[in-house]
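Here is the structure we will look at, set down as structure tokens.
The values are calculated or read from the model by the stated rules, or taken from the named source; none is laboratory data. Note that the structure is a prediction, hence the values are computed from the model and not measured. So basically every Cβ, Gly included, is an ideal-geometry build from the backbone, and we count neighbours across all protein chains shown. Please note that ligands, DNA and RNA were not included when accessible areas were found on the heavy atoms of the full protein model with its side chains. Shrake-Rupley method; radii C 1.70, N 1.55, O 1.52, S 1.80 Å.
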Amino acid sequence: MELQSLPPKSGDHNLKNYEEAVKHFDWAEVEEAFTFHKTGKVNMAHEAIDRFAEKDGKKDQVALYYSDDQRDEAYTFAEMKKMSDKAANVFKEAGIEKGDRVFIFMSRSPELYFAALGAIKIGAIIGPLFEAFMEGAVRDRLENSEAKAIVTTPELVGRVPVSELPALEKVFIQGDDVKEEGKTLDFKGRMEQASESHDITWVDREDGLILHYTSGSTGTPKGVLHVHAAMIQHYQTGKWVLDLKEDDVYWCTADPGWVTGTSYGIFAPWLNGVTNVVRGGRFSPESWYGTLEKYNVTVWYSAPTALRMLASAGDEIVKNYDLSSLRHILSVGEPLNPEVVRWGHEVYGLRIHDSWWMTETGAIMITNFPSLTVKPGSMGKPIPGVEAGILDDQGNELPPNRMGNLALRTSWPAMMRTIWNNEEKYQGYFEFPGWYVSGDSAYKDEDGYYWFQGRVDDVILTAGERVGPFEVESKLVEHPAVGEAGVIGKPDPVRGEIIKAFVALREGYEETDELKEDIRNFVKNGLAAHAAPREMDIRDKLPKTRSGKIMRRVLKAWELDLPTGDLSTMDDD
Ligand code: WTA
């Protein structure tokens, strides 16, 4: 059953008339909001922090509220400038230069944000990593990008295989009493000593800003490179999609290890001069509702899995919190079930606005705007300045209501500029001239709303995280008991999908619960907890093509009790 459409909320939205905006849109006009438009001098950190730190009426506004179970802090725009200037000086004194890759591998904390902004100020390219990453995942990313420095903590540094990474010259550790020796530098001590005055490095708008590693269906994770010019779209979508106004208190729940936690957890809010809330620690309904209440959050950007977890915590708990400050809720990362939209409307009294985009696109591309009707289950319409289309497998555009490949007309400001060290992979997105092909399938209805149908490839979306089956399979077969492994996403009511592994054991190994647990832990400790299969089936052999590739399509059919389709390429001896 299609849920009833939700009409636009009344309110003074930044984007008042979507159709008009689409007609008259020009990216060049958006640039007038930035100081680089007048000065020609570009740096993301200047536009996000420094220009507000120099402005009366803005400089003493809180830029960052940070809290977790131990800490509870606030930093104004002026203080953010000071701390990021100090961090920039720390990097500069250690010999880090423009274009160098500086990775940030720590749990959420104010220092993470100082380090990220500081590295951007000297023109370095930042590479954020999830704190959940284990040694193998860290090594792959630092090796591929030839990272020169990493900022980490005493708890996590053990997972950085420093001796195996010849390009890695500096390991900054944020912790108490860090002893400097070899490559190790004391980030906290150096921050305390560092000068507060710093001359920012001006860069070209096409210079590298950030590298986000993300998964595809084949090969190791790819390093998606974004440049400073992405700010144009971060700012614009912050204004029109997140509907940010300068007195808003905004909370994006995503970790900066994921592109949502940088594009919309660092750049978009600060480019729009709003107060940004960061909550560390684990998810619990109490801590999340408590955060909304404590800071009087007005705009909240989260994800379907979290919203489903909140829904399953029930309606009663919501009544214990004063959420009256909330005026706008958004979601990203996986399909937002119509049921969750309906539930949110009932308990929060607000529509939940879906938004669709990818690490590669760098910023929101399709969304439900506040001034448009929401059709629950639909992702909404393309942002002004972006044209979307549904293509068949030959690259022809399909009419409404036909399912096909979701594609976008190239290009837009936040578009990735390359895949690091892999131009061939990058070119793979542009199989049809003039289009970027997303890898998602979708259809467009007669009103121009887009409806997500699934991934075209085997990429798994579990709790909003994009996991490449190949990476998990590669880790599985490193386990001494595992001969072959195939990994699929299995539908799950809360997480969207869970990772399910099919494994054939080597000679001499017997299936036991202990062994399965050991294999799971092997992936957990080698890659990351979220990459470990939640379910595992042991089989005598796995379906393979004649060239030896595991047929994940057949595994999926086994799992879902579907017909296995064309098996003509299967090797069946
Ligand atoms: C999926 C960066 C359904 C999609 C934000 C996409 C979504 C992949 C939505 C990108 C949505 C993202 N509805 N699916 N609103 N938003 N996706 O790069 O398959 O980690 O290709 O996310 O997430 O994943 P990424």
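The single condition among (1) among the aliphatic types (A, V, I, L, M); (2) away from the ligand (no atom under 12 Å from the Cβ); (3) more than 25 Å from M231 (Cβ to Cβ) that L336 does not meet is (2). Taking (1) touching a Phe, Trp or Tyr at 6+ places or on another chain (Cβ under 6 Å); (2) closer than 27 Å to I390 by Cα; (3) not aromatic (F, W, Y) in turn, R351 satisfies each apart from (1). Across the range 450-478, the number of residues qualifying as more than 12 Å from the ligand (Cβ to nearest atom), open to solvent by 10 Å² or more (accessible area, probe 1.4 Å) and either of a type outside the set (A, V, I, L, M, F, W, C) or in contact (Cβ under 8 Å) with a residue 40 or more places away in the chain (or both) comes to 6. Look at (1) of a type in the set (S, T, N, Q); (2) in contact with a helix residue (DSSP H, G or I) (Cβ under 7 Å, 6 or more places away or on another chain); (3) open to solvent by 10 Å² or more (accessible area, probe 1.4 Å); (4) closer than 30 Å to A74 by Cβ and you find that S324 fails only one, number (2). Of the residues making up the range 37-52, just one is closer than 13 Å to I232 by Cα and part of a loop (DSSP other than H, G, I, E, B), namely N43. Only one of the listed residues (G344, G380) is within 13 Å of the ligand (Cβ to nearest atom) and within 25 Å of the chain's Cα centre (by Cα). That residue is G380.
Whenever a residue of the range 355-376 is outside the structural domain of A268 (by the TED database), it has no partner that is within 8 Å of the ligand (Cβ to nearest atom) lying with C-beta atoms less than 9 angstrom away and at least six residues away or across chains. When restricted to residues that are within 18 Å of V318 (Cβ to Cβ) and either among the hydrophobic types (A, V, I, L, M, F, W, C) or open to solvent by less than 10 Å² (accessible area, probe 1.4 Å) (or both), the range 275-298 contains 6. Can you confirm whether R351 is more than 10 Å from the ligand (Cβ to nearest atom), of a type in the set (K, R) and open to solvent by less than 20 Å² (accessible area, probe 1.4 Å)? For R351, the condition - more than 10 Å from the ligand (Cβ to nearest atom), of a type in the set (K, R) and open to solvent by less than 20 Å² (accessible area, probe 1.4 Å) - is met.
Please determine whether any residue of the range 275-292 is modelled with pLDDT of 95 or more, in the same structural domain as R51 (by the TED database), within 26 Å of H226 (Cα to Cα) and of a type in the set (A, V, I, L, M). Scanning the range 275-292, I find at least one residue that is modelled with pLDDT of 95 or more, in the same structural domain as R51 (by the TED database), within 26 Å of H226 (Cα to Cα) and of a type in the set (A, V, I, L, M), so the answer is yes. Among strands (runs of 3 or more DSSP E) entirely within the range 179-285, having at least 3 residues that are over 23 Å from S371 (Cβ atoms) and more than 14 Å from the ligand (Cβ to nearest atom) singles out 184-186, 275-279. Within the range 77-100, residues that are polar (S, T, N, Q) have Cβ atoms under 7 Å from residues that are open to solvent by 20 Å² or more (accessible area, probe 1.4 Å) and part of a loop (DSSP other than H, G, I, E, B) in these pairs: N89/S195; N89/H198, counting only partners at least 6 apart in sequence or on another chain. In the range 156-163 there is at least one residue that is touching a helix residue (DSSP H, G or I) at 6+ places or on another chain (Cβ under 8 Å), farther than 23 Å from I122 by Cα and open to solvent by less than 40 Å² (accessible area, probe 1.4 Å). Selection of the range 329-347 for residues being of a type in the set (S, T, N, Q) and in contact with a strand residue (DSSP E or B) (Cβ under 8 Å, 6 or more places away or on another chain) yields only S331. Those residues that are exposed (fewer than 15 other Cβ atoms within 10 Å of the Cβ) and in contact with a Lys or Arg (Cβ under 9 Å, 6 or more places away or on another chain), I need them from the range 391-413; list them, please. Correct list: D392, P399, P400, N401, R402.
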